[in-house]
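Student: First the structure, which I've put down as structure tokens, then a few questions once you've had a look.
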Amino acid sequence: MVSIPAKIKSRLEKFLEVDSSGYRRAILCIFIKVKKATIDELHEMLSSRYNVSRNTVASMVGYIHSKLGILRAHKESYKTPMVYLLRDEYADLLMKIVASTKKSTDFAA
């Protein structure tokens, strides 16, 4: 039986393998750096370096949240935006994977 952290590690590695544009790595680096953010905040940070749409950012964060399982989502009320937080138990694993697959297009060096 494979442990949950091992499954998440495998999924993260596959997620980064197909990162031709650098968006995926950049978004993970932002989460390592700031720990929590909304879609709008992430889009603002990414659009300063990449030509990326808000929908692309929202799609990536949704995938990371639902399929990779390293984010927690929180919403104060129906009027406030969803805040995504990096789960503490996966912060070290994420840092190791991002560092081991580092490219020259790293966002948060």
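Student: For the stretch 65-81, list residues with backbone N below 17 Å from a point placed 7 Å from the Cα of Arg54 toward its Cβ?
Tutor: 79-81
Student: Let me ask something else. Averaged per residue, what accessible area in Å² does the chain show with a 1.4 Å probe, protein chains only?
Tutor: I get 62 Å² per residue for the chain.
Student: In nm, to one decimal, how far is the Ser3 label point from the Thr101 one, both placed 7 Å along Cα→Cβ?
Tutor: A separation of 2.0 nm, rounded to one decimal place.
Student: Another question, then. Taking θ as phi - 60°, what are the ³J(HN,Hα) couplings along the stretch 76-85 by the Karplus curve (6.51, -1.76, 1.60), each to the nearest whole Hz, with x for Gly and Pro?
Tutor: 5, 8, 5, 8, 9, x, 5, 10, 9, 10
Student: Another question, then. Greater than 20 Å separation of Cα atoms is the criterion. Which listed pairs, Lys33/Lys79; Lys14/Lys75; Lys9/Lys96, meet it?
Tutor: Exceeds cut-off: Lys33/Lys79; Lys14/Lys75.
Student: Can I ask one more? Keeping the other protein chains in place, figure out the carbon and sulfur percent of the accessible area of the chain, with a 1.4 Å probe.
Tutor: 52 percent
Student: Counting other Cβ atoms within 10 Å of each Cβ, which trypsin sites (Lys or Arg not before Pro) in the stretch 48-83 have at most 12 and sit in a DSSP loop?
Tutor: Answer by residue number: Arg49, Lys75, Lys79.
Student: Looking at the chain, which GluC sites (Glu not before Pro) are in a loop (DSSP not H, G, I, E or B) and have at most 14 other Cβ atoms within 10 Å?
Tutor: Passing both the DSSP loop test and the Cβ count: Glu76.
The values are calculated or read from the model by the stated rules, or taken from the named source; none is laboratory data. These numbers were taken from a predicted model, which means no experiment stands behind them. Positions of Cβ are backbone-derived with ideal geometry, glycine not excepted, and every protein chain shown enters the neighbour counts. To get the accessible areas, we keep the full protein, side chains included, count just its heavy atoms, and leave off ligands, DNA and RNA. Shrake-Rupley method; radii C 1.70, N 1.55, O 1.52, S 1.80 Å.
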